[in-house]
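The values are calculated or read from the model by the stated rules, or taken from the named source; none is laboratory data. As the structure is a prediction and not an experimental result, all values here were calculated from the model. Methodologically, a virtual Cβ is constructed for each residue, glycine included, from the backbone with ideal geometry; neighbour enumeration extends over all protein chains shown. Keep in mind that these areas ignore ligands, DNA and RNA; they rest on the heavy atoms of the full protein, side chains included. Shrake-Rupley method; radii C 1.70, N 1.55, O 1.52, S 1.80 Å.
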Amino acid sequence: MNNPAAELLQAQTHIYNHVFSFVNSMALKSAVELGIPDAIHTHGNNKPMPLTELAAALGIEPERKTYLHRLMRLLVHSGFFFAAGEEEPAYALTPSSKLLVKDNPNCLSSFVKLVPRPEYVTPCYVMGDWINGGGDKRVAEISFKPNQGGANNSSRREGGDATTSSSAFERAYGMPFWEYTDRNAGFNALFNDAMAEDSGMMNLVVGDCCGAVFRGVESLVDVGGGTGTFARIIVKAFPGIRCQVLDLPQVIGRLAAGNSSGKLEFVEGDMFQCVPSAGAVLLRMILHDWKDEECVKILKKCKDAISSKGEGGKVIIIDIVMDEKQEVDHELAQTKLNFDMVMMFMLNGKERTEKEWERLFFEAGFQRYKVTPLFGFRSLIEVFP
């Protein structure tokens, strides 16, 4: 027999969990900033670290140990640490928190510190107003300090009008996201570090799973490849490939002079203007930043770049393919949906279903494509002229 009161109380719990979900990301960010994963790792992977020893290692005064205990209790519940011991809890790393240890080549600590920053949170305050096209400029009164962390305070502007702003971020900050990163050195550095960490995760699968994808490719352009983390992974896994990293001057900077080699070259440029000629063009998490018409322009430039290779050329895309109705893994589906929302309010970009990807490819003049789910919540898409 149904219990209406129990259903409503469960619904209340569901609502409260959602509105308090920011606590989870902030708690994880605090753990990284405190150095908790590193302290437990240093203590020993196979030996849980008692709370008292953890507090001492972090320099936390004994009278404040209770706050650390409550933080760890939440993070244990969330699956980031394992707790043992009866009289005093002792903590060990889980697979998730091992990815937050600085010595781990696949460390994601910069990514964890990036996303909860005001630059990502503030646009959410105006998202509803931006969606309905309202013109309220109250966002300028929000008391966040978005230019912290080495940013240039002179770049701060009043919030834009929702009817003319291309994204909720622009609505909140008075300029597009990419202009903001260019003007704010501290945020730009953290953003690039986080993107490099995200690219670094690809080394887990590229060598073992992508042999057929890169077989026969002699030259490749990594469009929007940032500091070249993924390009280095490719060159190491497939020594026969010569790779160029194409990105804007403010991203490439001094990399072009200090990091180019016989197999890896950094090239300043704009993917909307020209993509260097190559046997293959790589777009890793690039197209989700842009609206459909902009994606078609980028894809056409990529098609021009591989045109000299005839049927042997291709575009390799690593990006999300949305299919939440068929997704068995709830956490996987949630991650994809979260990315889609972030792309929307930060850049007015989007994550796409396979049908939406297909429309872009055909409109850009490509003839066929192949989707392979290889990279966790991301897929590998090969597109052929």
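Carbon and sulfur together cover what percent of the accessible area of the chain at a 1.4 Å probe radius?
Carbon and sulfur atoms account for 52 percent of the accessible area of the chain.
Give me the net charge of Ala90's neighbourhood, meaning all other residues with Cβ under 14 Å from the Cβ of Ala90; Lys, Arg count +1, Asp, Glu -1.
Surrounding charge for Ala90 is -1.
First select every other residue whose beta carbon is under 9 angstrom from the beta carbon of Leu264; then total the charges, Lys and Arg +1, Asp and Glu -1.
Neighbourhood net charge equals +2.
Enumerate the aspartates and glutamates that Lys291 could reach by cross-link, defined here as Cα to Cα under 18 Å, with residues fewer than 8 away along the same chain left out.
Glu170, Glu179, Asp270, Asp319, Asp340, Glu351, Glu354, Glu356, Glu358, Glu363
Roughly speaking, what is the stretch gain from Asp208 to Lys300, that is 0.36 nm per residue apart minus the C-alpha to C-alpha distance, in nm to one decimal?
Length difference between fully extended and current span is 30.1 nm.
Expressed as a rounded percentage, what relative contact order does the stretch 1-121 have, with Cα pairs under 8 Å and six or more residues apart?
Rounded, it is 27 percent for the stretch 1-121.
Accessible area per residue, 1.4 Å probe, Å², for the chain: what's the number?
Per residue, the chain has an accessible area of 52 Å².
Angle between the Cα long axis of helix 4-19 and the longest principal axis of the chain, 0 to 90 degrees, nearest 10?
The two axes meet at around 60 degrees.
Determine the sum of side-chain charges near Pro50: Lys and Arg each +1, Asp and Glu each -1, restricted to other residues whose C-beta is under 13 angstrom from that of Pro50.
In short, -2.
Just flag the GluC sites (Glu not before Pro) in the stretch 303-385 sitting in loop per DSSP whose Cβ has no more than 14 other Cβ atoms within 10 Å.
Of the GluC sites (Glu not before Pro), the ones in loops of the stretch 303-385 whose Cβ has at most 14 other Cβ atoms within 10 Å are Glu324.
Could you compute how much accessible surface Val342 exposes when probed at 1.4 Å, giving the result in Å² to the nearest 10?
My reading of the accessible area for Val342 is about 40 Å².
Pairs of alpha-carbon atoms within less than 8 angstrom and 6+ residues apart define the contacts here; what relative contact order does the chain have, in percent?
Computed over the chain, the figure is 11 percent.
Rounded to the nearest 5, what is the percent of antiparallel bridges among the DSSP beta bridges in the chain?
45
Quick one: of Lys297/Lys355; Lys236/Lys350; Lys113/Lys355; Lys300/Lys336, which pairs are farther than 24 Å apart, Cα to Cα?
Those over the limit are Lys236/Lys350; Lys113/Lys355; Lys300/Lys336.
Taking all protein chains together and a probe of 1.4 Å, list Ile306, Ile131 from the most accessible to the least accessible.
Sorted by accessible area, descending: Ile131, Ile306.
What longest region of the chain stays clear of chymotrypsin sites (Phe, Trp or Tyr not before Pro) that DSSP places outside H, G, I, E and B and that have at most 12 other Cβ atoms within 10 Å?
21-271
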